[in-house]
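Written below as structure tokens is the structure these notes are about.
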Amino acid sequence: MEARAYLRGARIAPRKVQIVLDLIRNKPCDLALATLRHTPKAASEPVAKLLKSAMANAENNHNMSKNDLYVAECFVTPGTIMKRIMPRAQGRAFRIYKRTSHITIVVKEKE
């Protein structure tokens, strides 16, 4: 039995989210939340919120024990890319890519 939570279109680049997800993979949920709370990365706040959502889904929808949960899977995939223009010298224009992420967290119960 597993519980999932998704965050679609988060306005942070997937490379930055991947660093944070590597810290919490295969850890108990309470330890993962503590790790996220003390990690000075921009991605740690939305990931912590998503982990709390996955834990709530497990507890309320699947009747799992909150104390036995661990992060079974967590991954990020690239979302849509917003393309913007940056004015440069002599009338040129450079492209700026504002990347988005789709984040997924799966929690399971320890056996």
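The values are calculated or read from the model by the stated rules, or taken from the named source; none is laboratory data. No experiment lies behind these values; they were computed from the predicted model shown. FYI the Cβ positions are ideal-geometry reconstructions off the backbone, even for glycines, and counts take in every protein chain you see. Protein only, heavy atoms only, side chains kept; ligands, DNA and RNA dropped before computing areas. Shrake-Rupley method; radii C 1.70, N 1.55, O 1.52, S 1.80 Å.
A few comments on the model shown:
- Answer residue from the stretch 53-65, given it is in contact with an Asp or Glu (Cβ under 8 Å, 6 or more places away or on another chain) and surrounded by 14 or more Cβ atoms within 10 Å (Cβ to Cβ) and is farthest from Val107 (Cα to Cα) among those: Met64
- Any chance Glu111 is acidic (Asp, Glu), open to solvent by 70 Å² or more (accessible area, probe 1.4 Å), in contact with a helix residue (DSSP H, G or I) (Cβ under 7 Å, 6 or more places away or on another chain) and outside any strand (DSSP E or B): no
- Of all residues in the stretch 26-42, those satisfying the criterion of being touching a residue at least 40 places away in the same chain (Cβ under 8 Å) and either open to solvent by less than 80 Å² (accessible area, probe 1.4 Å) or aliphatic (A, V, I, L, M) (or both) are Lys27, Pro28, Cys29.
- Among the residues here, Leu50 does not qualify as more than 13 Å from the chain's Cα centre (by Cα) and either loosely packed, with under 15 Cβ neighbours inside 10 Å or of a type in the set (A, V, I, L, M, F, W, C) (or both).
- Some residue of the stretch 74-85 being open to solvent by 20 Å² or more (accessible area, probe 1.4 Å), assigned to a loop (DSSP other than H, G, I, E, B) and not small (Gly, Ala, Ser): no
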